[in-house]
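One structure is given here, and the rest of the page talks about it.
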Amino acid sequence: MTTLLLNGAAHTLASAPATRLSAALRDECGLTGTKVGCDAGDCGACTVLLDGAQVCACLVPLAQAEGRAVTTVEGLAATPLGAALQAAFHAHGAAQCGICTPGMLMAATDLLATTPHPTEAEVQAALGGVLCRCTGYRRIIAAVLAASAAAVLAASAAAVLAASAAAVPAASPAAGSPVGITPTAPQPGAVGDSIPRLDGLPKLDGTERFGADDAPADALWLRPIRSPYAHARFSIGDASHLPVRLLTAADVPGRNGFGIYPDIKDQAVFAAGLARYRGDCVAALLGERAAVEAVHWADLPITWEELPPLTAAAAPAGPALHARWPDNILTTGGLRSGAAPAPAAHTAEGHWTTGFVEHAYIEPEAGWAERHGETIHVHGCTQAPYMDREEVAGVLGIAPEAVRIMPSACGGGFGGKLDVSFQPMVAIAAWLTGRPVRAVWSRGESLASSTKRHPASIHAAAGCDAEGRLTGFTFDADYDTGAYASWGPTVAGRVPVHCMGPYRVPYVRSQARAVLTNNPPSGAFRGFGVPQAAIAQEMLWDQLADQAGLDRLEFRVLNALRAGDVTNAGQRLDNSVGLVECLEALRPHWHALRAQRRTTGRRRGGVGVACMWYGIGNTGMSNPSTMRLTLAPGGRLTFHNGAVDIGQGSTTVLAQIAAEALGLPVSALHMVLYDTGLTADAGKTSASRQTFVSGRAAQAAGEALRSAILLRANAGPDARLTLSDGTLRVNGEALHLETTLEGHGSYDPPTVPLDADGQGVPYATYGFAAQLAALEVDLDLGTVHLQKIVAAHDVGRAINPLLVQGQVEGGIAQGIGLALMEEYLPGRTENLHDYLIPTIGDVPDIETILVEAREPLGPFGAKGIGEPALVPTAPAILSAIRDATGAVLRRVPALPHRVLEAIQNGH
Amino acid sequence: MSCPAASAAAIVSLQTIGCPGMDAYLRPLSLDAALAMLAATPGCQPLAGGTDVFPARAGAEVWLNRDPRPLLDLSGVAALAGIGETPAGWRIGALATWAQLCATPLPAAFDGLKQAAHQVGGAQVQNRGTLVGNLCNASPAADGVPPLLTLGARVELTGPAGARTLPLANFLLGNRRTALGPGELATAILIPPPAANARSGFLKLGARSHLVISIAMAAGLFTMEAGIIRDARLAIGACAATAQRLPLAEAALLDAPPDPARLLPGHLASLTPIDDVRASAAYRRHAALVLLRRLVERLA
């Protein structure tokens, strides 16, 4: 027994003395606000205070807490300092998905208790042990500094509200932009108002329930068995000696396969005799938790025969990984535009390679399932509940209507939680046993098994005339799609359309192949292959600009797409092409940063620029969303919203849109959120589509309910609605309802499928952006020191500028990782100390400029922002490294030894 | 089930929780008890701050390899706590953490060690991890080793036959290998009194700003008279199986004002860096020299 002072009260715990404190707090005390992200002290999500000092609870044996004071996030609100921090985090948008938030709050509490007025550097040092994958850290730093300045905020809900009202979005309107930011909104939550996220408070007090936080006490435990080999035949013998059940391919009731595409279900739930990547699931242990955890690798009745793994280079000539694709080419996408290139005065070409990039959401995959008669409920973290429903139905061999997906809070996704992971396994186990079954991936399992960003091998060439106008662009790339299809076809489809960037190019030939290998399946990761392509495209532009004697930013202005232009896919863009405005907004920063940069000495400054465009929604295919609003006779107004908020803020933004369209304040809405049993299909949270597509559906639902109300009240279109004390009033007249009024809204963006030459209308609208990166390079060590990033994004309309800014900053942080440090190597970087993502000290000051070139199709003019935020960052950084040193990086991440080698080769 | 620790419990002051086995956890309250448990429970794993023990276990458990060793939790042994000055110099007990080191007023010769302490993991790890544990873990990239080498540190090993001390360079035998014998615990780091005017520094090179395993690191400690280096100690970490002092480089700096140009690639010939996920061997060799030259500049 261990007795400790837990959040001020003595508790005696029965867990074994060697139990990690994090596990004891969660499993025995039910204090699931302490999150587990790695069990290795690498991520800090489990940070608690031990006698006031921050520690990783995963590294503390329970016995060492004997007689000591332990403070968790659940104990914060009771202290003025903790409450002030929570209020500041809320007001500043410092919590997105919320999975790192408890750890951040605890580290900040430790800091402010001893250093009430810290500098930014002190904040970074104190919070440096907690990783965040969503925010880019800048809002967190701002929140901690604000809390220290305003620790007078009392520990009450009123403080939270006061702080919320005081939050000032730092995003600045574009200078000289024809649209700019909407002036201060007339009422809280109106479109254009930076209200704090509506689902924000549970993320701050530990009550939010993520995939691993909630399951029936009697749930069985499921533990996958994964191949340690990249390629191996295996056989499973008699498992009767195991104290638990061993589920294998033979136990799958329905189709033993899943996959994103309806006609490609190539990844088995449990592989049948052949493992195609290290991490491929071959079986699962199922039983009581202690029994499952006692099984040792050596106990498994599995015989392995290792086979030579297929690499991307060898794949086309190698043995077929799947009979269906004899040449190991999953798919090829291409685009042909223009008959012949115009004569070029200058040409540039090059080859670039990128590595696997891991999503590294701080919440590993987790969830549970329970059978209810002939139906099944699956709970847990996901980005795509309706797709999960199809997958679970398929593997169980039942109708989709018999499956209900009930998403938990999602601790980050970024595309990695679009594919199913635990869902089919726990569903099968629960279906077979009739018991609830749960599973929680460890960090190592998550890294080994989950999808990655496609490594790309790109050859690209371009030319321009003497004045710098682009004359042609060719692009040929192999994307390593790994062992299974996942989103490989999407990447191969999206890349050829985007790879020339948002520019006027009279001649384009582009091709992208998705190549099957014995690597982890490459799937969807914020940008679907476009960030890799943008590196090549923008590096070529820099070379051409130099040759043509043009300023690199002006070269882009000269060639930028404008409203009225026709894209290389043959699509005329009549509206909402804000790239030139973005570049013009950056121009003064460009000149100022260039003037300031250090051009002598061994630490050399550089400024880079890069642009991007990004099609919002699926490529040339239907991707509808449906939203619903109801007004019940008692006056209860409910927004039924099936769009999963994985931290990006759709719950808040869609509510703002729906409320605006209806004509009532956001505060009037009750929420029913993403549950396939309760909400209609809003599509997946990916492709930067929720604000645009679901936003339009929400707007339509709001308008439909408004119409129904006005019809009922026989009022004109400009009637004023109010709702208070359960009574709806139209122009001040109470409206009494006998039945529930409903407003349905659906939207499917208008697209035309691409033909064999990549011609069509792939997307209804596009986001545009340009970013600057200012940095210094240590010429002797090759280290890169970021100083500032200025990001100008055309978002059509910022429904909530604070949340848009959060997306921009978070996307930039991931772009920094792609550029400078992230590279997943199977078997070698399967933890978060060998696989590096940016820490709080790696993200510089970010200035966000929002350009609002209204999209007529979008809700109140809005487009998407999730992926656009990341795309230009890596090329802007590489552009700046070249500016500083003359070195052209051909491979990312630009680790110090690669930068130094490039510098040495470049001079 | 027989429980050897229980018999030890009968003769010494200790607190035993469980028996050796799946969940065995031994928590002695004196050094004698700890040694008795270690003798009675071969293969048990000493534990102080847990910042290396738990991550290693998590990594193994990914592939269903559960570490069966019982834990010997030393945190209750008061004699192992603290950092103190003795007639023979400074003694850093086995339970002393990086954070405690940073909070202890120490001569300038320890500045390099403190700079390393600030860069070990995040604040959470600094609050828990111990210097002695860092040595026992014997990672080639252990941040504490280069500055301790320049301080002339020795490691105190205590076993059934009593205590012995080894120079740090002799304690570290290779990647994850130490000279700890059966039944022995590393009980302290002993540092001879540094020269009053010694100054020291540490430079760490990694691919991100916090929570980073070193690509290479350098530690230096100089004693100067009238601007002339009279004692120079330089060490490089993460460029060989264990961190190393560099006698040739040190000799090159002696009896002259600090001058980075005196350090030459040949002075680093004893390093044996490797290619790994963090950097190439050639880069490490190059970076080590750059770091050393910068240390000389900084300490001038």
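The values are calculated or read from the model by the stated rules, or taken from the named source; none is laboratory data. This is a predicted model, so every value here is computed, not measured. Cβ placement follows ideal geometry from the backbone for every residue including glycine, while neighbour counts extend to all protein chains displayed.
Values as computed for the structure displayed
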quantity	calculated
Enumeration of residues in the range B:38-72 that are among the small types (Gly, Ala, Ser) and at negative phi	B:39, B:40, B:48, B:49, B:56, B:58, B:59, B:60
Verdict on residue A:813 being within 14 Å of chain B (Cβ to nearest Cβ), under 28 Å from residue A:189 (Cα atoms), of a type outside the set (Val, Ile, Thr) and touching a residue at least 40 places away in the same chain (Cβ under 8 Å)	yes
Residue among A:375, A:353, A:451 that alone is hydroxyl-bearing (Ser, Thr, Tyr) and crowded, with 24+ Cβ neighbours inside 10 Å	A:451
Residue A:869 vs. criteria touching an Asp or Glu at 6+ places or on another chain (Cβ under 9 Å), part of a loop (DSSP other than H, G, I, E, B), touching a residue at least 12 places away in the same chain (Cβ under 8 Å) and not charged (D, E, K, R)	yes
Condition met for residue A:317 (of a type outside the set (Lys, Arg), away from every other protein chain (no Cβ under 14 Å) and either closer than 30 Å to residue A:623 by Cα or free of Cβ contacts under 8 Å to residues at least 12 places away in the same chain (or both))	yes
Single unsatisfied condition, residue A:157 versus (1) modelled with pLDDT of 95 or more; (2) more than 14 Å from chain B (Cβ to nearest Cβ)	(1)
Yes/no for residue A:471 being buried (at least 24 other Cβ atoms within 10 Å of the Cβ) and hydroxyl-bearing (Ser, Thr, Tyr)	no
When residues of the range A:32-48 are limited to those that are touching a strand residue (DSSP E or B) at 6+ places or on another chain (Cβ under 9 Å), farther than 20 Å from residue B:62 by Cα and buried (at least 24 other Cβ atoms within 10 Å of the Cβ), the one nearest to the other protein chains (Cβ to nearest Cβ)	A:47
Single match in A:607, A:557, A:577, A:644 (criterion: in contact (Cβ under 8 Å) with a residue 24 or more places away in the chain, of a type in the set (A, V, I, L, M) and part of a strand (DSSP E or B))	A:607
Some residue of the range A:792-807 being touching a Ser or Thr at 6+ places or on another chain (Cβ under 8 Å), within 14 Å of chain B (Cβ to nearest Cβ), under 30 Å from residue A:447 (Cα atoms) and of a type outside the set (Ser, Thr, Tyr)	no
Every residue from the range A:223-241 that is over 31 Å from the mean Cα position of the chain (by Cα) and either under 20 Å from residue A:434 (Cα atoms) or surrounded by 17 or more Cβ atoms within 10 Å (Cβ to Cβ) (or both)	A:232, A:234, A:236, A:239
Answer from A:756, A:698, A:687, A:734 - the residue that is under 30 Å from residue A:496 (Cα atoms), in contact with a Ser or Thr (Cβ under 9 Å, 6 or more places away or on another chain) and hydrophobic (A, V, I, L, M, F, W, C)	A:687
Complete set of residues in the range B:272-300 that are part of a loop (DSSP other than H, G, I, E, B), more than 13 Å from residue B:222 (Cα to Cα) and out of contact with any helix residue (DSSP H, G or I) (no Cβ under 6 Å at 6 or more places or on another chain)	B:272, B:276, B:277, B:278
Test for residue A:113: is it away from chain B (no Cβ under 12 Å), assigned to a helix (DSSP H, G or I), out of contact with any His (no Cβ under 9 Å at 6 or more places or on another chain) and on the phi < 0 side of the Ramachandran plot	yes
Enumerated helices (runs of 4 or more DSSP H) restricted to the range B:24-103, each holding at least 3 residues that are within 9 Å of another protein chain (Cβ to nearest Cβ), under 18 Å from the mean Cα position of the chain (by Cα) and surrounded by 20 or more Cβ atoms within 10 Å (Cβ to Cβ)	B:53-61
Odd one out for residue B:219, checked against (1) farther than 15 Å from residue B:135 by Cα; (2) surrounded by fewer than 24 Cβ atoms within 10 Å (Cβ to Cβ)	(2)
Test: residue in the range A:386-397 that is within 12 Å of residue A:419 (Cα to Cα) and under 17 Å from the mean Cα position of the chain (by Cα)	no
Odd one out for residue A:9 among (1) more than 10 Å from every other protein chain (Cβ to nearest Cβ); (2) surrounded by 19 or more Cβ atoms within 10 Å (Cβ to Cβ)	(2)
Residue within the range A:430-451 that is in contact (Cβ under 8 Å) with a residue 60 or more places away in the chain, over 30 Å from residue A:371 (Cα atoms), more than 14 Å from chain B (Cβ to nearest Cβ) and not hydroxyl-bearing (Ser, Thr, Tyr) present	no
Residue match in the range A:789-812 (condition: out of contact with any Cys (no Cβ under 6 Å at 6 or more places or on another chain) and surrounded by fewer than 19 Cβ atoms within 10 Å (Cβ to Cβ))	no
Hits in the range A:367-385 - residues which are among the aliphatic types (A, V, I, L, M) and within 17 Å of the chain's Cα centre (by Cα)	A:384
Single residue of the range B:104-133 satisfying the filter (of a type in the set (Val, Ile, Thr) and not in a helix (DSSP H, G or I)) that is nearest to residue A:123 (Cα to Cα)	B:120
Index of the failed condition, residue A:298 passing every other in (1) part of a loop (DSSP other than H, G, I, E, B); (2) surrounded by fewer than 19 Cβ atoms within 10 Å (Cβ to Cβ)	(1)
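Let's see how each residue does on (1) buried (at least 24 other Cβ atoms within 10 Å of the Cβ); (2) free of Cβ contacts under 8 Å to residues at least 24 places away in the same chain; (3) part of a loop (DSSP other than H, G, I, E, B):
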site: A:819; (1), (2), (3): yes, no, no
site: A:827; (1), (2), (3): no, no, yes
site: A:840; (1), (2), (3): yes, no, yes
site: A:843; (1), (2), (3): yes, no, yes
site: A:854; (1), (2), (3): no, no, yes
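Results for (1) among the β-branched types (Val, Ile, Thr); (2) buried (at least 20 other Cβ atoms within 10 Å of the Cβ), shown as yes or no for each residue.
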residue: A:620; (1), (2): no, yes
residue: A:626; (1), (2): yes, yes
residue: A:633; (1), (2): no, no
residue: A:649; (1), (2): no, yes
residue: A:671; (1), (2): no, no
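A quick yes/no check of all residues on (1) in contact with a strand residue (DSSP E or B) (Cβ under 6 Å, 6 or more places away or on another chain); (2) more than 30 Å from residue A:495 (Cα to Cα); (3) at pLDDT below 95; (4) surrounded by fewer than 22 Cβ atoms within 10 Å (Cβ to Cβ):
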residue: A:734; (1), (2), (3), (4): yes, yes, no, yes
residue: A:739; (1), (2), (3), (4): no, yes, no, yes
residue: A:754; (1), (2), (3), (4): no, no, no, no
residue: A:759; (1), (2), (3), (4): no, no, no, yes
